[in-house]
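Peer 1: I am attaching a structure below and will ask some questions about it afterwards.
The values are calculated or read from the model by the stated rules, or taken from the named source; none is laboratory data. These numbers come from a predicted model, not from an experiment. A quick note on method: Cβ atoms are made from the backbone with ideal geometry, for glycine too, and the neighbour counts reach across all protein chains shown. Ligands, DNA and RNA are excluded from the accessible area calculation, which covers all protein heavy atoms including side chains. Shrake-Rupley method; radii C 1.70, N 1.55, O 1.52, S 1.80 Å.
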Amino acid sequence: MTLLITVFAAVIATVKWYVRKDDSMKLGILLFMYWGASIMWLVDALFEYAELGAAYFTPALEDMVNDGFLGLSVVALGLVIWVVRLLILDPKGSVRSALRRNPE
(Lines give C-alpha, C1' and ligand atoms only; values in the text may rest on other atoms or scores of the structure.)
Protein backbone atom coordinates (compact mmCIF):
# COMPACT_ATOMS: atom_id res chain seq x y z
CA MET A 1 0.00 0.00 0.00
CA THR A 2 2.81 2.41 0.82
CA LEU A 3 4.48 1.62 -2.49
CA LEU A 4 1.28 2.26 -4.46
CA ILE A 5 0.54 5.55 -2.73
CA THR A 6 4.05 6.94 -3.15
CA VAL A 7 4.27 5.79 -6.79
CA PHE A 8 0.97 7.53 -7.55
CA ALA A 9 2.23 10.70 -5.83
CA ALA A 10 5.51 10.48 -7.77
CA VAL A 11 3.73 10.04 -11.09
CA ILE A 12 1.37 12.94 -10.41
CA ALA A 13 4.27 15.20 -9.36
CA THR A 14 6.25 14.15 -12.44
CA VAL A 15 3.36 14.89 -14.80
CA LYS A 16 2.80 18.28 -13.16
CA TRP A 17 6.52 19.05 -13.46
CA TYR A 18 6.63 17.96 -17.10
CA VAL A 19 3.50 19.90 -18.14
CA ARG A 20 4.56 23.09 -16.35
CA LYS A 21 6.92 25.12 -18.56
CA ASP A 22 8.62 27.19 -15.84
CA ASP A 23 10.14 25.77 -12.68
CA SER A 24 9.09 28.60 -10.40
CA MET A 25 7.29 26.26 -8.01
CA LYS A 26 10.33 23.94 -7.73
CA LEU A 27 8.32 20.77 -8.41
CA GLY A 28 11.56 18.91 -9.18
CA ILE A 29 12.42 18.62 -5.49
CA LEU A 30 8.95 17.20 -4.79
CA LEU A 31 9.14 14.55 -7.48
CA PHE A 32 12.64 13.51 -6.40
CA MET A 33 11.40 13.04 -2.82
CA TYR A 34 8.47 10.93 -4.00
CA TRP A 35 10.55 8.83 -6.41
CA GLY A 36 13.12 8.27 -3.65
CA ALA A 37 10.37 7.11 -1.29
CA SER A 38 8.99 4.86 -4.03
CA ILE A 39 12.36 3.22 -4.56
CA MET A 40 12.73 2.75 -0.81
CA TRP A 41 9.30 1.05 -0.56
CA LEU A 42 10.10 -1.10 -3.62
CA VAL A 43 13.26 -2.41 -1.97
CA ASP A 44 11.28 -3.02 1.22
CA ALA A 45 8.63 -4.93 -0.75
CA LEU A 46 11.26 -7.08 -2.45
CA PHE A 47 12.88 -8.04 0.84
CA GLU A 48 9.52 -8.71 2.46
CA TYR A 49 8.50 -10.89 -0.50
CA ALA A 50 11.77 -12.81 -0.18
CA GLU A 51 10.95 -13.41 3.47
CA LEU A 52 7.23 -14.23 3.23
CA GLY A 53 6.90 -15.74 -0.23
CA ALA A 54 3.35 -16.03 -1.57
CA ALA A 55 1.91 -14.89 1.80
CA TYR A 56 3.10 -11.40 0.87
CA PHE A 57 0.14 -11.04 -1.50
CA THR A 58 -2.51 -11.80 1.16
CA PRO A 59 -1.97 -9.20 3.89
CA ALA A 60 -4.35 -8.77 6.80
CA LEU A 61 -6.77 -5.85 6.69
CA GLU A 62 -5.08 -4.25 9.71
CA ASP A 63 -1.70 -4.34 7.94
CA MET A 64 -3.20 -2.76 4.83
CA VAL A 65 -4.78 0.05 6.84
CA ASN A 66 -1.51 0.70 8.68
CA ASP A 67 0.42 0.72 5.39
CA GLY A 68 -2.15 3.07 3.88
CA PHE A 69 -1.79 5.53 6.74
CA LEU A 70 2.00 5.29 6.49
CA GLY A 71 1.88 5.98 2.75
CA LEU A 72 -0.39 8.99 3.22
CA SER A 73 1.88 10.26 6.00
CA VAL A 74 4.92 10.02 3.72
CA VAL A 75 3.10 11.96 0.98
CA ALA A 76 1.94 14.60 3.47
CA LEU A 77 5.43 14.97 4.94
CA GLY A 78 6.85 15.41 1.44
CA LEU A 79 4.30 18.15 0.77
CA VAL A 80 5.13 19.89 4.06
CA ILE A 81 8.86 19.83 3.30
CA TRP A 82 8.18 21.18 -0.21
CA VAL A 83 5.94 24.02 1.07
CA VAL A 84 8.44 25.01 3.78
CA ARG A 85 11.22 25.07 1.19
CA LEU A 86 9.04 27.20 -1.09
CA LEU A 87 8.33 29.65 1.72
CA ILE A 88 12.02 29.93 2.58
CA LEU A 89 13.24 30.32 -1.02
CA ASP A 90 10.26 32.47 -2.05
CA PRO A 91 10.86 32.17 -5.82
CA LYS A 92 8.12 34.64 -6.79
CA GLY A 93 8.88 37.13 -4.01
CA SER A 94 5.35 36.91 -2.59
CA VAL A 95 6.35 36.43 1.04
CA ARG A 96 9.01 39.12 0.85
CA SER A 97 6.57 41.68 -0.60
CA ALA A 98 3.91 40.80 1.98
CA LEU A 99 6.39 41.34 4.82
CA ARG A 100 7.56 44.68 3.43
CA ARG A 101 4.06 46.05 2.94
CA ASN A 102 3.27 48.96 5.28
CA PRO A 103 -0.01 48.60 7.18
CA GLU A 104 -1.86 51.91 7.15
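Peer 1: Right, Gly68: in contact (Cβ under 8 Å) with a residue 12 or more places away in the chain, out of contact with any strand residue (DSSP E or B) (no Cβ under 9 Å at 6 or more places or on another chain) and more than 18 Å from Thr14 (Cα to Cα) or not?
Peer 2: Yes: the conditions hold for Gly68.
Peer 1: To continue, here is another question. Just to be sure before I move on: is Ser38 farther than 17 Å from Thr14 by Cα, among the small types (Gly, Ala, Ser) and at pLDDT 95 or above in the structure I sent?
Peer 2: Working: farther than 17 Å from Thr14 by Cα: no; among the small types (Gly, Ala, Ser): yes; at pLDDT 95 or above: yes.
No; evaluated as a whole, the condition is false for this residue.
Peer 1: Is it the case that Lys16 is open to solvent by 60 Å² or more (accessible area, probe 1.4 Å), at pLDDT below 90 and closer than 25 Å to Val95 by Cα?
Peer 2: Considered against the rule, which asks whether it is open to solvent by 60 Å² or more (accessible area, probe 1.4 Å), at pLDDT below 90 and closer than 25 Å to Val95 by Cα, Lys16 comes out as no.
Peer 1: Continuing with the same structure: Taking Met33, is it open to solvent by 40 Å² or more (accessible area, probe 1.4 Å) and over 13 Å from Thr6 (Cβ atoms)? Outline the logic, then answer.
Peer 2: On the way: open to solvent by 40 Å² or more (accessible area, probe 1.4 Å): yes; over 13 Å from Thr6 (Cβ atoms): no.
When the stated conditions are applied, Met33 does not pass them.
Peer 1: Something else: Applying the selection to region 47-62, what residues are acidic (Asp, Glu) and open to solvent by 80 Å² or more (accessible area, probe 1.4 Å)? Even if it seems obvious, please write down each step before you answer.
Peer 2: Step one: list which residues in region 47-62 are acidic (Asp, Glu), which gives 48, 51, 62.
Correct list: Glu51, Glu62.
Peer 1: Got a sec? Which helices (runs of 4 or more DSSP H) wholly within the chain have at least 3 residues that are more than 19 Å from the chain's Cα centre (by Cα)? Give the derivation first.
Peer 2: Values: elements: 2-19, 27-52, 61-89, 94-100.
In the chain, the matching helices (runs of 4 or more DSSP H) lie at 27-52, 61-89, 94-100.
Peer 1: Determine which member of the set Asp67, Asp44 is of a type in the set (D, E, K, R), closer than 30 Å to Lys26 by Cβ and surrounded by 14 or more Cβ atoms within 10 Å (Cβ to Cβ). Explain how you work it out, then say what you get.
Peer 2: Values: Asp44 fails: surrounded by 14 or more Cβ atoms within 10 Å (Cβ to Cβ).
Of Asp67, Asp44, the one residue that is of a type in the set (D, E, K, R), closer than 30 Å to Lys26 by Cβ and surrounded by 14 or more Cβ atoms within 10 Å (Cβ to Cβ) is Asp67.
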